[in-house]
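Reading through the structure tokens given below for one structure.
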Amino acid sequence: MNDRGFGKRIVQELPRWQKEGWVSVEGSQAILADVSARQPKMAWASSLALAGALLLGVGVITWFAAHWNEMSKLMKLVLIFIALTGSHVAYGLCLTRAALPKLAQGMALLSVLFFGAAIMLVGQIYHIDAHFPDGIALWAAGGLLTAWLLNSQPAMVASLALAALWTWNEQFDFRVMNWPLLGYMILAAVPLYRHDWKLAARGWGGLLILWMIGWHAQPWIGEVWASHAHIRLFALQVLGLAGCWALALASEHPFARAVRADFLLAVLIGAFVFTFPDFALRHAKPASDLAPWLAALVGAAAIYAAGIISLVRASELAAVRLRIGIALAVVFALLLAFEVIVPRSSSMPALFWNAIFLGALYWVGDLGIRHGDRAMVNRAFTGFFIWLLARYFDTFWSLMDRALFFMVGGVLLLAGGGWLEGRRRALLRDIESGRQP
Amino acid sequence: MNLWLKIVLLVLVQAAALAAMIADKQWTLNTGTPAVLKTVPVDPRSLFMGDYARLAYSISQLRLDGETAVGGDKDFKRYDTVWVALKPDPDGAKAISVHHQRSAITPDLLALKGEVQHLNEAEWDRTSNKSVKQRTLNVRYGIEQYYVQEGTGAQVERPQGNEKVSILVAIDPRGKAGILAVLLDGRERYRETMF
């Protein structure tokens, strides 16, 4: 539950608890004071400051555009420098003189926008017509430096969005691997490690996943629907991401806590794709040279093994549950390794994938219940509903002559789904009330 | 680190990045070998679009086969880096050959670096009204945009009579090109300056 929801609930419940004699008057007042102090304040101030920064940025750039022709080159450069420096100085003044931290964040975002405008305007003044994504990369780097030096999450989010645009252009438009992005991501991870910036941390995770998807757009791997190399690469990526998720889950660091939600979602989607019986059957063929794939498999497996070992070490689960978890992890890795080494020749692997997917969902749900993590429970149930619908529909459509049988089956499944939803709500109530299910 | 020191550092680094962009371009203009390139209007009715001109050159399209083919390598794909050997000419430099490596260009020719935008396998023959096999490279050199002041580009945009627009470029030792001047019938219309 978020802080605002928690605060509302406490305010509603406290009079009853006081009446029942569970909480004293002083205790009640102390709780209310504490809740009030922890409420996120001035959300509007923050939003207005950021919106103001955007409007001011657009306004100044538009003014430049309207009066550009009347100025000499030197005057244009001076104005660009003043605008850029002005936003930085305004940030400093907001913090030191006016004690306006929210407005200061707006100024930090404004300075990122001005730096981008400055790159474009200098490009225009000197007719610089370079490789387009390079300009975006320079802008993203400037934003990262701003976020780093000015301790600004909005600047970091803007920089990550620009980095996403940069890698999109390089990998999907120009179809070249964006290796320099890895350097950017390592540098971006430093401030994210130091600060509790949840939104930016999730953006970082999303950027990593986007970069990995971009591998599939590269010409060396062949056309998406005509090469089994994509399935091998996909399996390796799922394995590597599963390892990253396990590493993040074993850590209590705020950065790790933030990114693991993205990684888990990506891994679950990856595993779900493999549950389809027809997946990759048409293009299954052995690799002409298996050695590079095996080397990559060893690398991804090392990340995965490191993650699982960290998770086991940090685990407080009972021995039986832990053994089930390890067995699931091993089978999951073996199935992925199988997809890399042996092309599918029948729908048999899908049977195992369905079993492991359900097992993984159960494990994720169980983990969510034990950690009191509503998002994990919801994710597990959502995954189960989607799986249920997918299996029902792919079976229904392939066996139309037995439609009635499957319609009855569908009704039964839906009834089961309803029961599960009831069970999910009961579990969430138990989590909220602190009872162990 | 003190907040104001951080701000000064940020300003210095960002200003240095912008200055590096300018310095790189100015270095090309100051040290490069001048060469005239003939332009080919992208759109005959409107050479200049908005505040900037889209320029295409006679060396933007390089034929790889047929009688007018350039020499050099033949196997290219999209986004490949190419080196074009240019023979300077007051009426417009001529593309002699195109290569993957700069070392293939002899020192008496100018080496211009470009990037393959498209590789066309056929072109439309207007006389026979048929598509004929003709491999053509469409190369981008980073000099295809020229920003002009609003209202002053009309003379260049719509050259009178038989006036010809050509561009004086400087090609530096790295093979990078920069626009030095816009020429109308060989006379300078716009000249680039530092400030």
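Which links in A:Lys73/B:Lys94; A:Lys76/B:Lys25; B:Lys94/B:Lys133 stretch past 25 Å when you go from one Cα to the other?
Pairs exceeding 25 Å: A:Lys73/B:Lys94.
Going Cα to Cα from B:Lys113, which aspartates and glutamates come in below 18 Å? Please leave out same-chain ones fewer than 8 positions away.
The qualifying aspartates and glutamates are A:Asp129, A:Asp134, B:Asp24, B:Asp73, B:Asp75, B:Asp80, B:Glu144, B:Asp172.
For a test of the definition: using alpha carbon positions, the gyration tensor, and the 1.5 limit on a/c, classify chain B as rounded, prolate or oblate.
prolate
Mind checking which of A:Pro101, A:Pro15, A:Pro180 has the largest fluctuation in a GNM of chain A, springs on alpha carbons under 10 Å?
A:Pro15
Beta carbons within 10 angstrom, averaged per residue: use that to sort the peptides A:241-247, A:84-90, highest first.
Put in order of decreasing packing, that is A:241-247, A:84-90.
Given labels modelled 7 Å from the Cα in the Cβ direction, how far is it in nm from B:His100 to A:Ala33?
Output for this residue pair reads 7.7 nm.
If the chain between A:Asp430 and A:Lys198 were fully stretched, how many nm would it gain, using 0.36 nm times the residue separation less the Cα-Cα distance?
Gain in length upon complete extension: 80.9 nm.
How much length would be gained if the chain were fully extended between A:Gln18 and A:Arg391, taking 0.36 nm per residue of separation minus their Cα-Cα distance, in nm to one decimal?
129.1 nm
Name the residue farthest towards the positive end of the dipole of the protein assembly as shown from the options A:Leu55, A:Met75, B:Ala181, assuming +1 on Cβ of Lys and Arg, -1 on Cβ of Asp and Glu, about the Cα centre.
My answer, from the dipole projection, is A:Leu55.
Test of understanding: what is the full-extension gain from A:Ile10 to A:Val25, defined as 0.36 nm times their sequence separation minus their Cα-Cα distance?
Here the segment from A:Ile10 to A:Val25 would lengthen by 4.0 nm.
Hey, what did chain A get for relative contact order, percent, Cα under 8 Å, at least 6 apart?
9
Let me have the relative contact order for the stretch A:56-187, percent, based on Cα pairs under 8 Å that are six or more residues apart.
In percent, rounded to a whole number, it is 19.
Which whole-number percent gives the relative contact order of the stretch A:279-398, counting Cα pairs below 8 Å spaced six or more residues apart?
Relative contact order for the stretch A:279-398 comes out at 26 percent.
What does the average come to when, for each residue of peptide B:17-25, you count the partner chain Cβ atoms lying within 10 Å of its Cβ?
That average works out to 6.
Rounded, prolate or oblate: which one fits the protein assembly as shown, using the alpha carbon gyration tensor with axes a ≥ b ≥ c (rounded when a/c is under 1.5, else prolate when a/b beats b/c, else oblate)?
oblate
In chain B, with Lys and Arg counted as +1 and Asp and Glu as -1 at Cβ, which of these residues, B:Ala35, B:Pro90, B:Ala111, has the Cα nearest the positive end of the dipole, that is, farthest along it?
So the residue furthest toward the plus end is B:Ala111.
What is the helix-to-structure angle for B:3-31, meaning the angle in degrees between its Cα long axis and the longest Cα principal axis of chain B, kept from 0 to 90 and rounded to the nearest 10?
Around 30 degrees separate the two axes.
Indicate the gyration tensor shape class of the stretch A:146-188 (rounded, prolate or oblate), computed on the Cα atoms with a ≥ b ≥ c the square roots of the eigenvalues: a/c under 1.5 is rounded; otherwise a/b larger than b/c is prolate and the rest oblate.
Oblate.
With a point put 7 Å past each Cα toward its Cβ, work out how far A:Ala415 is from A:Lys73 in nm, to one decimal.
Once both label points are built, they end up 8.1 nm from each other.
Arrange the following residues from fewest to most other Cβ atoms within 10 Å of their Cβ: A:Ile324, A:Ile80.
A:Ile324, A:Ile80
Once the dipole of the stretch A:263-343 is set up with Lys and Arg at +1 and Asp and Glu at -1 on Cβ about the Cα centre, which of A:Ile269, A:Leu311, A:Ala333 lies farthest towards its positive end?
A:Leu311
Can you pull the mean other chain C-beta count within 10 Å for peptide B:1-8?
5
Say R0 is 22 Å: what FRET efficiency, to the nearest 0.05, do A:Val58 and A:Ala161 get from their beta-carbon distance?
So the FRET efficiency works out to roughly 0.85.
Using a basic spin-label model with each label point 7 Å from the Cα along Cα→Cβ, how many nm lie between B:Glu115 and B:Phe195?
Modelled inter-label distance: 3.3 nm.
Rounded to the nearest 0.05, what FRET efficiency do B:Ala122 and A:His253 give with R0 = 41 Å and r taken as the Cβ-Cβ distance? Could you check?
0.10
In debye, nearest 20, what is the charge dipole magnitude of the protein assembly as shown about its Cα centre with +1 on Lys and Arg Cβ and -1 on Asp and Glu Cβ, if you could check?
It works out to roughly 1320 debye.
Values in this text are rule-based calculations from the coordinates and carry no lab data. Everything numeric here is computed off the predicted structure, so don't read it as measured data. Positions of Cβ are generated from backbone atoms using ideal geometry, with glycine treated the same way; all protein chains shown enter the neighbour counts.
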